[in-house]
Each structure stands twice: as structure tokens, then as C-alpha cells.
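*Asks:* Before we start, here is the structure in question, set down as C-alpha cells.
The values are calculated or read from the model by the stated rules, or taken from the named source; none is laboratory data. Remember, predicted model here, so these are calculated numbers, not experimental data. We place every Cβ from the backbone using ideal geometry, glycine too, and count neighbours over all the protein chains shown. Areas reflect the complete protein model, heavy atoms only, side chains present, ligands, DNA and RNA absent. Shrake-Rupley method; radii C 1.70, N 1.55, O 1.52, S 1.80 Å.
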Amino acid sequence: MELERITDTGHPRFEQAFALYQSSFPFHEQRTREKQEGVLAHPEYHYEVLSENGTFVGILLSWKAGSFCYVEHFAIAPELRGQNFGSRALELL
């Protein structure tokens with residue numbers, strides 16, 4: 001499994017990742033698209049796409065500062081849930 005960081009909306013996986021973000025969390029827990037765009041390049045914010053063998057698996061959005069890591073949002077594509085992708089992703093983190 002691979003983690004790939006997205007730092008701008010021009011990334012080829014951004015739209016797919018943002019769609020999973022929107023469908024996986026209640027509206028009141030989400031950033032608007034504009035606010036998400038604004039935070040993508042922040043050095044401590046990690047908007048990461050999970051993939052395996054080129055297949056989109058999910059998203060892992062976190063803040064990292066020194067040895068501290070706060071996972072803000074984490075979602076696996078619905079069709080891949082229950083197949084150990086989540087556990088493997090957290091091991092990578």
C-alpha cells in the first residue's frame with residue numbers, strides 16, 4: 001500500500017479523494033472545498049491518498065508536528081471496507 005500526499009487541487013487523485021471525503025463524513029464535520037484548498041499546502045497538514053497497485057483505496061487526512069500526529073479524517077472506499085486496508089494504512093502512518 002502507498003500513501004501519496006496531495007498539496008493542491010490539480011493532483012490527479014484530488015477529485016476522487018474529495019468525493020470520498022464528502023460521502024464519508026457528516027457535512028458539519030467537513031471543510032468546504034474552498035477551505036480544504038486553502039489548507040492543502042500547509043506544511044503540517046497531510047492530505048494523503050491511499051492506493052494499492054494503482055487502485056484508489058482511501059484517504060488519510062492528518063496533522064503532523066514533530067512526533068505528534070492527529071488523524072482528522074480517515075476513510076476507505078466503501079467497496080473495499082472489511083478487507084484489512086484500514087489496519088494496513090494505520091501501520092504505514
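*Asks:* Assigning unit charges at the beta carbon (Lys, Arg +1; Asp, Glu -1) and nothing else, what dipole magnitude in debye, to the nearest 20, does the chain show about its Cα centre?
*Replies:* In debye, rounded to 20, the chain gives about 120.
*Asks:* How much length is gained if the chain between HIS28 and TYR45 is pulled fully straight, taking 0.36 nm per residue apart and subtracting their Cα-Cα distance, in nm to one decimal?
*Replies:* 4.1 nm
*Asks:* Okay, next question. What per residue convex hull volume, in Å³, do the alpha-carbon atoms of segment 44-84 yield?
*Replies:* 87 Å³
*Asks:* Can you put ARG13, ARG5 in order of accessible area, largest first, using a 1.4 Å probe?
*Replies:* ARG5, ARG13
*Asks:* Quick check of the Kirkwood formula: for the chain, what is the inverse mean of 1/r over all pairs of different Cα atoms, in Å?
*Replies:* 13.5 Å
*Asks:* With every protein chain kept in place and ligands, DNA and RNA left out, what is the accessible area per residue of the chain? Probe 1.4 Å, answer in Å².
*Replies:* 57 Å²
*Asks:* Where the eigenvalues come from the Cα gyration tensor of segment 1-50, what are the semi-axes √(5λ) of the equivalent ellipsoid, largest first, in whole Å?
*Replies:* 17, 14, 10
*Asks:* Roughly how many percent of the accessible protein surface of the chain is carbon and sulfur, given a 1.4 Å probe and a whole-percent answer?
*Replies:* That fraction is 51 percent.
*Asks:* With n ≥ 4 as the cut-off for DSSP H runs, can you work out [θ] at 222 nm for the chain, using -39500 (n - 2.57) per run divided by the number of residues, rounded to the nearest 500?
*Replies:* After summing the helix terms and dividing by the residues of the chain, the value is -8000 deg cm²/dmol.
*Asks:* How high is the relative contact order of the chain, in percent, counting Cα pairs under 8 Å that sit 6 or more residues apart?
*Replies:* After rounding, I find 27 percent.
*Asks:* Given the options PHE18, CYS69, HIS28, identify the residue whose Cα lies farthest towards the positive end of the charge dipole of the chain (+1 on Cβ of Lys, Arg; -1 on Cβ of Asp, Glu).
*Replies:* Result: HIS28.
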